[in-house]
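To keep things clear, I will list the structure first and then write my remarks on it.
The values are calculated or read from the model by the stated rules, or taken from the named source; none is laboratory data. Predicted model only: the values in this text are computed from it and were never measured. Here the Cβ positions follow ideal geometry from the backbone for every residue, glycine too, while neighbour counts run over all protein chains shown. The accessibility values were calculated without ligands, DNA or RNA, using every heavy atom of the protein model including side chains. Shrake-Rupley method; radii C 1.70, N 1.55, O 1.52, S 1.80 Å.
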Amino acid sequence: VQLQASGGGLVQAGGSLRLSCAASGRILSFGSGAWFRQVPGKPREWVAGITVGGSTDHADSVKGRFTISRDNAKNTLDLQMNSLKPEDTAVYYCNRILDSRSVWGRGTLVTVSS
């Protein structure tokens, strides 16, 4: 069971990116999901989460700009990021509860230039 994050890249301030986290392997149950981000030298920071029922929550720093969603047909966890700021620059990680286990994806780098 693996999670693969994609969609990172270099974007100018004010631009948009969409991150996607795809689950692969034999998975019987999908639980909640979340996106985190980390800047070198700082702790990993929670960005957004979505429950099994579809309820979402976002960190104050990204509220109104980022939106977490889930595509059950594709087994993906997505993060739409709009109005990006230089301070959003980080490695972004997805996390999902799969078969009652917490699984982390490899990070994807987002760089926002001013």
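Has segment 83-92 got at least one residue that is acidic (Asp, Glu), open to solvent by less than 70 Å² (accessible area, probe 1.4 Å) and touching a residue at least 60 places away in the same chain (Cβ under 8 Å)? There is no residue in segment 83-92 that is acidic (Asp, Glu), open to solvent by less than 70 Å² (accessible area, probe 1.4 Å) and touching a residue at least 60 places away in the same chain (Cβ under 8 Å).
Specify the residue that is surrounded by the fewest Cβ atoms within 10 Å (Cβ to Cβ); the eligible residues are those in segment 93-114 that are of a type outside the set (S, T, N, Q) and within 14 Å of Val11 (Cα to Cα). If we take residues in segment 93-114 being of a type outside the set (S, T, N, Q) and within 14 Å of Val11 (Cα to Cα), then Leu109 is surrounded by the fewest Cβ atoms within 10 Å (Cβ to Cβ). Summed over segment 41-54, residues that are out of contact with any Ser or Thr (no Cβ under 6 Å at 6 or more places or on another chain) and in a strand (DSSP E or B) total 5.
The lone criterion from (1) within 11 Å of the chain's Cα centre (by Cα); (2) farther than 25 Å from Val1 by Cα left unmet by Gly41 is number (1).
Taking segment 8-40 as the range and being open to solvent by 30 Å² or more (accessible area, probe 1.4 Å), part of a loop (DSSP other than H, G, I, E, B) and either modelled with pLDDT of 95 or more or under 13 Å from Leu79 (Cα atoms) (or both) as the test, the residues that pass are Gly8, Ala13, Gly14, Ser16, Val39. I'd like to know if segment 52-71 contains one or more residues that are in contact with a Gly (Cβ under 6 Å, 6 or more places away or on another chain), among the aromatic types (Phe, Trp, Tyr) and buried (at least 18 other Cβ atoms within 10 Å of the Cβ). Within segment 52-71, none of the residues are in contact with a Gly (Cβ under 6 Å, 6 or more places away or on another chain), among the aromatic types (Phe, Trp, Tyr) and buried (at least 18 other Cβ atoms within 10 Å of the Cβ).
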